[in-house]
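Below is one structure, written out as structure tokens; comments come after it.
The values are calculated or read from the model by the stated rules, or taken from the named source; none is laboratory data. Remember, predicted model here, so these are calculated numbers, not experimental data. As a convention, Cβ positions derive from the backbone with ideal geometry for all residues, glycine included, and neighbour counts pool all protein chains shown.
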Amino acid sequence: MPLDLTTFTLVDKPVTLQEGLRILERDQFRCRYCGLDGMANFENALVMSVDFVVPRARKGKKDPQNLVACCRPCNTIKGRRVYGSFEEAKAHVLARREELRKAWQSKTAQLLSKSAKV
């Protein structure tokens, strides 16, 4: 078992390829947070992974009940924080995605506006 250097505790190993495929198949290759369809195209398939709802670093177990199909952007947004429930984690991820989307749209509009003036 690997050691989490932030808490100095042992954590379960990440899932094996076979375990990960079982979780992805169970969840139909769809991110349980944002709904991204990992089967829609190659690019979506590349970003699919398996997430520990309760992170390994927070003593989350490698149990199918604690594992969900997840795209890497949602996994990054969720981070290592522990939530009261999966629904709470999903609400946080979706709200943060919306914040990031709005910031990106604003920045992109500014850049397009500047390039149009040149």
(message) Suppose we filter segment 51-69 for residues that are closer than 14 Å to F86 by Cβ, of a type outside the set (F, W, Y) and either without any contact (Cβ under 8 Å) to a residue 40 or more places away in the chain or buried (at least 19 other Cβ atoms within 10 Å of the Cβ) (or both); how many remain?
(response) 10
(request) Quick one: A69 ticks every box in (1) part of a helix (DSSP H, G or I); (2) under 12 Å from the mean Cα position of the chain (by Cα) except a single one, so which number is it? (result) (1)
(message) Considering only segment 84-100, I want to know if a residue exists there that is out of contact with any strand residue (DSSP E or B) (no Cβ under 7 Å at 6 or more places or on another chain), charged (D, E, K, R), in contact (Cβ under 8 Å) with a residue 24 or more places away in the chain and farther than 22 Å from Q18 by Cα.
(response) yes
(request) Identify all residues within segment 1-57 that are of a type in the set (A, V, I, L, M, F, W, C), more than 17 Å from the chain's Cα centre (by Cα), modelled with pLDDT of 95 or more and not in a helix (DSSP H, G or I); write none if there are none. (result) A40
